[in-house]
Amino acid sequence: MAEISFNLAYLFEQAFGYRSQAFEPEFDQVQGSMAPNRSEQGSLGSPYYSKDGLGREYFMPVTIKYPEGGAEKGTLKKWELPYPVVSITGGKTIVETALTERRGTVKELINNQDYEITIRGFIVGAGNEFPEQEVTTLRTIYEQSTTLSIECPLTDIFLLRPDRSGSDQVVIKQLRLPEVTGIKNVRPYELLLISDEPFNLESIS
């Protein structure tokens, strides 16, 4: 059987337009015969490490929890996104008012906007086969018409806060499957999620 080999760092750059150190990590030399102790999970409970389909350990896993059979079913399924690279963007709504005969503007902070979470990665098929089942799972998650739960040490820091009622809920806003040439068993994917904070509405009538 021929050996299948590909460079994820190169494929990431080809698919998303920039090179990520996530697939080319640099490790400091360990002095002595024993590796130093390490934290296995974040302070809010999500694990720092997991293993990919080939049994290799990687840092910062992302797990999506979604309702099986739709929002009304209640049973949650979990899917660990393969080879994820996570970025988070925050924004503020600010009203700027110009003043007559004075430089600058008066800034009025209206609110903090939802966090945008971008997850880029690869779905890798077994052997040299197209990962049809995994792509189908990704489509199923994207098509959910309800909020989903995300588990990741990085997103926990921004979402699991008392002022957000400790909610890890997100909504998938966009799914993208960029093209990749020269290899059939690897499919890049990109998810854009936005945080979803629960609100209690009170009637004033």
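Considering the stretch 92-132, and only residues there that are surrounded by 11 or more Cβ atoms within 10 Å (Cβ to Cβ) and among the small types (Gly, Ala, Ser), the residue that is farthest from Leu11 (Cα to Cα) turns out to be Ala126.
Taking the options Glu179, Glu197, name whichever one is at pLDDT below 90, under 18 Å from Val85 (Cα atoms) and over 13 Å from the mean Cα position of the chain (by Cα).
Details: Glu197 fails: under 18 Å from Val85 (Cα atoms).
So the residue among Glu179, Glu197 that is at pLDDT below 90, under 18 Å from Val85 (Cα atoms) and over 13 Å from the mean Cα position of the chain (by Cα) is Glu179.
Hey, can you tell me all the residues within the stretch 165-186 that are within 26 Å of Gln113 (Cβ to Cβ) and assigned to a strand (DSSP E or B)? So that I can check it myself, show each step before the final result.
Residues of the stretch 165-186 within 26 Å of Gln113 (Cβ to Cβ): 165-176.
Selection gives Gln169, Val170, Val171, Ile172, Lys173, Gln174, Leu175, Arg176.
Okay, residues lined up against (1) loosely packed, with under 14 Cβ neighbours inside 10 Å; (2) within 27 Å of Phe130 (Cβ to Cβ); (3) touching a Phe, Trp or Tyr at 6+ places or on another chain (Cβ under 8 Å):
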{"site": "Ser145", "(1), (2), (3)": "yes, no, no"}
{"site": "Leu154", "(1), (2), (3)": "no, no, no"}
{"site": "Phe158", "(1), (2), (3)": "no, no, yes"}
{"site": "Arg161", "(1), (2), (3)": "yes, no, no"}
{"site": "Gln169", "(1), (2), (3)": "no, no, no"}
{"site": "Glu179", "(1), (2), (3)": "yes, yes, no"}
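The requirement of being within 22 Å of Ser20 (Cα to Cα), touching a Lys or Arg at 6+ places or on another chain (Cβ under 7 Å) and outside any loop (DSSP other than H, G, I, E, B) is satisfied by Glu190.
Candidates are the residues of the stretch 56-81 that are of a type in the set (Phe, Trp, Tyr) and surrounded by 12 or more Cβ atoms within 10 Å (Cβ to Cβ); the one that is modelled with the highest pLDDT is Trp79.
The values are calculated or read from the model by the stated rules, or taken from the named source; none is laboratory data. For clarity, every value in this text was computed on a predicted model and none was experimentally measured. A quick note on method: Cβ atoms are made from the backbone with ideal geometry, for glycine too, and the neighbour counts reach across all protein chains shown.
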